[in-house]
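No lab work stands behind these numbers, since they all come straight from the coordinates. This is a predicted model, so every value here is computed, not measured. Heads up, the Cβs are rebuilt from the backbone with ideal geometry, glycines too, and the neighbour counts pull from every protein chain shown.
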Amino acid sequence: MNERIVNQPAMNAGTAGRRALQVATVILALVPVITGLVGMMGLGDPLYGKLLLPHDATLDSNLRFYAGVWLGLGLAAFWIAPRIERETALFRALWLMIFIGGIGRLVSLVAVGMPFAPFIGFTALEVIGAPLFVWWQQRVARAAAARRS
């Protein structure tokens, strides 16, 4: 009986951690879904319209392609959220892609200069947040596995 009482808070903490990770994942998935849809406008994307970029078919094509990949990443994040504790490989793959993208932003920052202010925050989330989200999901997955055994 005592063992059950002692383990009960850990089970609740595991469930709460799972729910918090699901909520965070869904909220963060909104970013690539919304910006991916907007980015599918290519050079017509309001973000790029202010930059007075040349109307080049290759640039437009690449912007739309990357926006589609970004949109797909967001949709995949929505897809894994309900069973987040069992989708470790896909969860890690998504965050690895985000981390690599953040490294690309850092390279751009050094090579080209400072982007718009919000992009500094995005870079921090991508480079610092990615490993933290992977760690969080690992804890949730382990807690779920322990409950199943």
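Take the Cα of Asp56, go 7 Å toward its beta carbon, and the backbone nitrogen atoms of segment 90-125 under 17 Å from that spot belong to 112. Across segment 2-148, the relative contact order, built from alpha-carbon pairs under 8 Å that are at least six residues apart, equals 28 percent. For the chain, the equivalent ellipsoid built from the Cα gyration tensor has semi-axes of 38, 15, 12 Å, listed from largest to smallest.
In the chain, taking the dipole from charged Cβ atoms about the Cα centre, the farthest positive-side position among Gly101, Phe133, Gly68 is held by Phe133. For a quick check, take a GNM of the chain with Cα springs below 10 Å and name the residue from Gly113, Gly17, Gly36 with the largest mean-square fluctuation. Looking only at Gly113, Gly17, Gly36, the biggest GNM fluctuation is shown by Gly113. Using every Cα-Cα pair within segment 21-68, state what percent have a distance larger than 12 Å. Tail of P(r) above 12 Å: 62 percent of Cα pairs.
P(r) for segment 90-149, from all Cα pairs and a bin width of 5 Å, is 4, 19, 21, 17, 13, 10, 7, 4, 3, 2, 0 %, short bins first. Size descriptors for segment 51-94 (Cα atoms only): Rg and Dmax, in that order, 15.3, 45 Å.
Taking label points 7 Å from Cα along the Cα-to-Cβ direction, Leu90 and Ile34 give a separation of 2.4 nm.
Counted as membrane-span-like here are DSSP H helices of the chain whose alpha-carbon atoms extend 24 Å or more along the helix's own axis and whose Kyte-Doolittle mean is 0.5 or above; these are 2-39, 57-80, 88-111. Magnitude of the charge dipole for segment 2-148, about its Cα centre and with charges confined to Cβ atoms of Lys, Arg (+1) and Asp, Glu (-1), is about 740 debye.
The calculated FRET efficiency for Met97 paired with Gln138, based on their beta-carbon distance and R0 = 22 Å, is about 0.80.
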